[in-house]
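Worksheet: the structure to be examined is printed underneath.
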There are 2 protein chains.
Amino acid sequence: MYLFIFVPEFKQGDSMDSKKIEKISRAISDPSRIQILQQFRKKRECLHCSEIHDMLDLAQPSISHHLKQLVDADILLPEKEGRNLKYVLNKPVLDEYIAFLSSLQA
Amino acid sequence: MYLFIFVPEFKQGDSMDSKKIEKISRAISDPSRIQILQQFRKKRECLHCSEIHDMLDLAQPSISHHLKQLVDADILLPEKEGRNLKYVLNKPVLDEYIAFLSSLQA
DNA sequence: ATAATATATCGAAACATTTGAATGTTTAAA
DNA sequence: TTTAAACATTCAAATGTTTCGATATATTAT
C-alpha cells in the first residue's frame with residue numbers, strides 16, 4: 001500500500017521535529033493507550049469516553065490521564081458533545097509519524 | 001510538500017502484538033535514541049558504537065543502556081566485529097510497526 | 001601473559017510515569 | 001436552582017527510567 005500524503009513545510013532532513021516524535025512515541029508506549037488506539041480498527045469514526053471507560057479496567061482519573069497523553073501528543077482530537085467527549089484519530093499526524101519512521105530506512 | 005511513501009500491508013496473521021508495539025514505542029520515546037535512529041538517514045548501512053559515542057554527549061554506560069533498549073525492542077540488530085560492535089536497522093520490524101500504525105486508520 | 005581497547009553490568013541518585021482517592025468544574029436535566 | 005452525570009485536576013504512593021561512577025568481561029595487540 002502506498003500513501004500519498006501532504007506534509008506541510010517538510011524540510012529535507014527533519015520532517016517532524018524530534019520532540020514531537022518523542023512525545024508521540026511515549027504516548028503510544030503504554031498498554032492502556034495502545035488498547036484505546038486499537039479500538040479505531042473496529043470503530044472507524046470516533047470513540048466516546050464512556051466506551052473507553054467500559055473497555056479499560058481503570059479508575060476514571062487514570063483514563064482521563066491516558067486520554068490526555070494521546071491528546072497532548074496530537075494523536076487524538078477531542079470533540080465536545082454537551083457534557084460528553086468523543087475522540088477522533090488525527091490521521092495527518094499519524095501519517096507524519098509514519099513518514100518519519102519510513103525516512104529512517106533507505 | 002508531498003511524500004509518496006510505501007506502507008506495508010497489515011495482515012491479521014503476522015500482526016505485532018501489543019507488548020511489542022509498546023516496547024518499540026518506548027524505545028523510540030527518548031531524545032538520545034531518536035538521535036541515534038536519525039543517523040540512519042545520513043549513514044544508510046550501519047552505525048558503529050564509537051560514532052554514537054561521538055555524537056551523544058553521554059557517558060559510555062548510558063549509551064550502552066540506550067543501545068540495549070533499541071536492540072531489545074528489535075529495532076536495531078547488533079553485529080560483532082572483533083571487539084567492536086555495529087548496528088543495522090531492522091527494517092522488517094520497522095515495517096511491521098508502521099503497518100500497525102497504518103492499520104489504525106481507515 | 002600483559003596491557004590496552006571496546007562494551008556490558010551493577011548500584012545508587014535523580015527524575016518521570018502510573019494509579020486512584022478526594023475534590024473541582026462544567027453541562028444538562030428536573 | 002438544585003441535582004446528577006461527565007470529565008478534569010490535585011496529591012501522594014508505588015513503580016519505572018535515566019544517568020554515571022565503579023567495576024567486570026571480552027577481544028586484540030604486544
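What dipole magnitude, in Debye to the nearest 20, does the protein assembly as shown give about its Cα centre under +1 on Lys/Arg Cβ and -1 on Asp/Glu Cβ?
The dipole of the protein assembly as shown has a size of about 20 debye.
Which net charge results when you count Lys and Arg as +1 and Asp and Glu as -1 among the other residues whose beta-carbon is under 12 Å from that of A:SER102? The partial results should precede the final answer.
Numbers: positive: B:ARG41, B:LYS91; negative: A:ASP95, A:GLU96, B:ASP95.
Summing Lys and Arg as +1 and Asp and Glu as -1 gives -1.
List the distances, in nm and shortest first, from the label point of B:VAL88 to the matching label points in every other copy, placing each point 7 Å from Cα along the Cα-to-Cβ direction.
Result, one decimal in nm: 4.3.
If the cut-off is a Cα-Cα distance under 27 Å, which lysines reach A:LYS80, setting aside same-chain residues fewer than 8 apart in sequence?
Result set, ordered by chain and number: A:LYS20, A:LYS23, A:LYS42, A:LYS43, A:LYS68, A:LYS91.
When only DSSP loop residues count, what trypsin sites (Lys or Arg not before Pro) in the stretch B:36-106 have their Cβ near at most 16 other Cβ atoms within 10 Å?
Answer by residue number: B:LYS43, B:ARG44, B:ARG83.
Taking the alpha-carbon set of the protein assembly as shown, what are its Rg and Dmax in Å?
In order Rg, Dmax, the Cα atoms of the protein assembly as shown give 18.0, 65 Å.
Would you mind working out the accessible area per residue for the stretch B:18-104, using a 1.4 Å probe, and quoting it in Å²?
I get 49 Å² per residue for this part.
How much accessible area is lost when chains A and B come together, counting both sides, with a 1.4 Å probe, in Å² rounded to the nearest 100?
Protein heavy atoms only, the A-B interface buries about 4100 Å².
By how many degrees, between 0 and 90 and to the nearest 10, does the Cα long axis of helix B:18-28 differ from the longest principal axis of chain B?
Roughly 40 degrees, rounded to the nearest 10.
For the stretch B:74-105, state which residues have at least 40 Å² less accessible area in the presence of all protein chains than in their chain by itself, taking the probe as 1.4 Å and leaving out ligands, DNA and RNA.
Correct list: B:LYS91, B:LEU94, B:ILE98, B:PHE100, B:LEU101, B:LEU104, B:GLN105.
The values are calculated or read from the model by the stated rules, or taken from the named source; none is laboratory data. Remember, it's a predicted structure, so these values are computed and weren't measured experimentally. Heads up, the Cβs are rebuilt from the backbone with ideal geometry, glycines too, and the neighbour counts pull from every protein chain shown. Note: accessible area is taken over every heavy atom of the protein model, side chains too, but ligands, DNA and RNA are not part of it. Shrake-Rupley method; radii C 1.70, N 1.55, O 1.52, S 1.80 Å.
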